[in-house]
Structures are given as structure tokens and as C-alpha cells.
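K.L.:
I'd like to ask some things about the structure below.
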Amino acid sequence: MNTADTYALGRTDTETQRLILQNQIYGPVTRRFFEAAGIGPGMKVLEIGSGAGDVALLLADLVGPRGQVVGVEMNATIVETARARVNTMGWRNVTFQVGDIREVALDSDFDVVAGRWVLMYVPEPAILLRTLAARLKPGGIVAFHENDFSYPPTVFPATDLSKRVFGWSIPPEGATLGAEMRMGTKLFRTYLEAGLPAPQLIVEAPVGGGPDWPGYEYLAETLRSLLPALQKMTGLDPKAVEIDTLADRLRADITKVQGVQMLPLMFGAWARK
Ligand SMILES: C[S@@+](CC[C@H](N)C(=O)[O-])C[C@H]1O[C@@H](n2cnc3c(N)ncnc32)[C@H](O)[C@@H]1O
């Protein structure tokens with residue numbers, strides 16, 4: 001099996017910080033989704049692709065002290081951050097296993113298998129979902145929260161700068177950046193291919209404006225992480241992007257026109273085994 005690390009966003013501290021900033025924006029959206037999916041007190045949850053631990057922390061809050069969260073993450077360095085954050089919060093019932101989710105040994109008495117921004121990085125998500133569903137008790141919940149770039153980040157009204165950023169952010173036709181950029185709208189089909197019932201779906205997009213909205217930093221930091229890949233793939237010149245000042249320029253530009261920035265849609269899908 002090819003387990004080469006193709007994570008296009010990189011493996012640096014900057015990427016860890018970007019994931020945490022991303023969660024500040026998307027955390028409330030994910031919480032609403034998990035609550036709709038029926039995740040609650042006392043449940044034992046398998047969480048895949050834990051990253052810096054934000055989803056595990058959110059799940060720990062939902063399942064409470066009688067519940068349990070087991071995270072699986074293949075990047076050993078970021079797991080250290082996740083473990084440190086869990087310790088700081090004082091949760092004793094959250095653990096992480098380091099390894100590729102397609103290869104690690106797992107219990108088979110979970111009430112929930114969940115993940116966010118992870119199926120988009122797995123080459124055959126339906127096969128993985130089928131394997132993971134086998135780790136659930138009967139009636140267990142399969143809940144995944146994934147982006148879809150069919151509607152990329154957009155500013156209303158569009159400004160010259162936001163139009164340029166929009167152009168840089170869209171990968172060229174056929175390019176994947178190592179990820180399925182339309183995973184959100186493919187969740188329904190993926191559940192069916194995995195032999196699961198048709199999932200219920202929910203979609204939400206963060207939107208905001210004004211000087212304090214964190215979306216400008218988030219977009220700039222995402223672009224910063226993707227710059228090496230975009231430079232190679234599209235020839236995007238980092239000098240044209242001026243990444244270090246991009247967030248401030250977006251803030252000034254959008255605030256001046258009292259505009260709003262809508263970030264990528266998040267699709268949630270859930271079904272019971
Ligand atoms: C975009 S990050 C999302 C992190 C976290 N779920 C969140 O929402 O903040 C995706 C994470 O999934 C992990 N990942 C991708 N494929 C994996 C696999 N096959 N097994 C374990 N982890 C995987 C990556 O290493 C990365 O840390």
C-alpha cells in the first residue's frame with residue numbers, strides 16, 4: 001500500500017498554527033454538525049486524522065467524562081501538539097494513536113467514527129469508510145465534515161484584491177493538490193459506495209466582515225501553506241502574492257467597502273450503521 005505523505009499543506013509549525021486558526025472559525029460549525037448527528041454524553045468515539053487535536057477536544061466536550069475519544073493521526077510531530085493540548089485541558093479520556101488509519105489496529109466497540117478534513121486526503125474514501133464502519137457497534141454513527149470548493153472563498157462585493165486572491169486560490173483544471181477539493185458534495189455517494197445507508201446532509205459556510213473577522217488571516221495562512229505547491233503547479237510568483245502583508249491588505253480592502261468574506265462550504269454527512 002502506498003502510504004507516502006502527500007499532505008500538500010506541509011508539516012511545519014506554521015501549518016499547525018494554521019489548523020488551530022482554522023478551528024477558531026470552523027469549530028462552532030463542526031460542533032453544530034456533531035450535535036445534529038447525535039453525538040453526545042457517554043459515547044466512545046474513533047476520530048481519524050486528528051491533526052493538532054481540535055476535533056478530539058470538541059468531541060471530548062460532547063461525550064463528557066463518561067465518554068472516550070481515540071484519535072488516529074499519521075503525523076507523529078503534530079500528535080505531540082495534540083497530546084499537549086489535551087493534557088492542558090485536563091482530559092483523561094482522550095488518547096491518540098500514531099499511524100495510518102488504513103493500517104492501525106482498532107477496537108470494534110465504538111459508538112461513533114468521525115473526522116473532519118480527512119476523507120479529502122484519503123485515496124479511496126469509500127473503502128476506508130467500509131472498514132471503519134466495521135469497528136462500530138450496531139446502530140453506531142458515521143459522521144464526517146468535509147469542505148467543498150465548488151463554491152470557493154468569495155468576497156461580496158468583490159474587490160480588485162479579492163478577485164486576484166480568488167484566482168490564485170483555484171487550482172488549475174485536473175490539479176488535485178493532493179486532495180479531493182470537492183469531497184463535500186461527494187460524501188453522499190461515498191457513504192453509499194461504502195455500503196452505508198444514505199446519509200443525512202447539512203451544509204454551512206462561515207461568513208464575516210469588519211476589522212476583527214479572522215477570515216483574512218485564515219485565507220492568507222492557507223495560501224502561505226499552499227504557495228510551494230501552487231508555485232510548482234501554476235507558476236504563481238510569490239512576489240506577486242506578498243504573503244506577509246496579504247491578511248492586512250484584505251482586511252483594509254474589505255472593511256473599506258463594508259464587505260463580507262464567505263469561506264468554503266462545509267458539508268456534514270451522518271448515517272447509522
Ligand atoms: C487538514 S488536517 C485536519 C486535522 C483535524 N481533523 C482538524 O479538523 O483540525 C488532516 C490531517 O489528517 C491526517 N491524515 C491524512 N491521511 C491520514 C491517514 N491515512 N491516516 C491518519 N491520518 C491521516 C493528516 O496527517 C493531517 O494531520
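The values are calculated or read from the model by the stated rules, or taken from the named source; none is laboratory data. Computed from a prediction, not measured in an experiment: that's the story for all the values here. Methodologically, a virtual Cβ is constructed for each residue, glycine included, from the backbone with ideal geometry; neighbour enumeration extends over all protein chains shown. Heavy atoms of the whole protein, side chains included, go into the accessibility calculation; ligands, DNA and RNA do not. Shrake-Rupley method; radii C 1.70, N 1.55, O 1.52, S 1.80 Å.
K.L.:
Does segment 1-155 come out rounded, prolate or oblate, given a ≥ b ≥ c as the square roots of the eigenvalues of its C-alpha gyration tensor, rounded meaning a/c under 1.5 and, failing that, prolate meaning a/b above b/c?
P.N.:
rounded
K.L.:
Hey, another quick one. For Phe96, enumerate residues with amide H under 5 Å from its amide H, sequence gap 5+ or separate chain, H modeled in the peptide plane.
P.N.:
Long-range HN contacts for Phe96: Gly71.
K.L.:
With θ set to phi - 60° and the Karplus curve 6.51 cos²θ - 1.76 cosθ + 1.60, what are the ³J(HN,Hα) couplings of segment 202-211 in order, to the nearest whole Hz, using x for Gly and Pro?
P.N.:
9, 9, 8, 10, x, 8, x, x, x, x
K.L.:
Could you state the orientation-averaged shadow area of the convex hull built on the Cα atoms of segment 84-177, in nm² to one decimal?
P.N.:
9.9 nm²
K.L.:
Additional query: Straight-line reach from Lys273: which lysines have a Cα under 25 Å away, not including same-chain ones fewer than 8 places off?
P.N.:
Cross-link targets: Lys44, Lys137, Lys186.
K.L.:
Using the Karplus equation 6.51 cos²θ - 1.76 cosθ + 1.60 (θ = phi - 60°), what ³J(HN,Hα) coupling, rounded to whole Hz, does each residue of segment 136-151 give in order, writing x for Gly and Pro?
P.N.:
Each residue's phi maps through the Karplus curve to give 9, 5, x, x, x, 9, 10, 10, 10, 10, 9, 6, 9, 9, 4, 10 Hz.
K.L.:
Moving on. For segment 158-229, which GluC sites (Glu not before Pro) are both in a DSSP coil and crowded by at most 15 other Cβ atoms within 10 Å?
P.N.:
Those satisfying the criteria are Glu173.
K.L.:
In whole Å, largest first, what are the principal axis extents of the Cα atoms in segment 147-273?
P.N.:
48, 34, 19
K.L.:
Under the rule of at least 5 residues apart or a separate chain, name every residue whose amide H is placed under 5 Å from the amide H of Asp148.
P.N.:
Gly184, Leu265, Phe267
K.L.:
In square nanometres, what is one fourth of the surface area of the convex hull spanned by the alpha carbons of segment 113-165?
P.N.:
Result: 5.3 nm².
K.L.:
Quick one: Karplus J couplings for segment 121-133, per residue in order, coefficients 6.51, -1.76, 1.60, θ = phi - 60°, nearest Hz, x for Gly and Pro?
P.N.:
Listing the rounded values in order: 9, 9, x, 10, x, 5, 5, 5, 4, 4, 5, 5, 4 Hz.
K.L.:
On to the next question. Between 0 and 90 degrees, rounded to the nearest ten: what's the tilt of helix 160-169 against the longest Cα principal axis of the chain?
P.N.:
Between helix and principal axis, roughly 40 degrees.
K.L.:
So, one more: Which of the lysines could a cross-linker bridge to Lys163, judged by Cα under 16 Å and excluding same-chain residues fewer than eight apart?
P.N.:
Lys256
K.L.:
Sort Leu219, Leu46 by heavy-atom solvent-accessible area, probe 1.4 angstrom, most to least.
P.N.:
The most accessible residue leads, giving Leu219, Leu46.
K.L.:
Using only C-alpha positions, report the orientation-averaged shadow area of the convex hull of the chain, nm², one decimal.
P.N.:
14.0 nm²
K.L.:
Running a GNM on the chain with Cα contacts under 10 Å, which residue among Thr245, Thr185, Thr154 ends up with the highest mean-square fluctuation?
P.N.:
Looking only at Thr245, Thr185, Thr154, the biggest GNM fluctuation is shown by Thr245.
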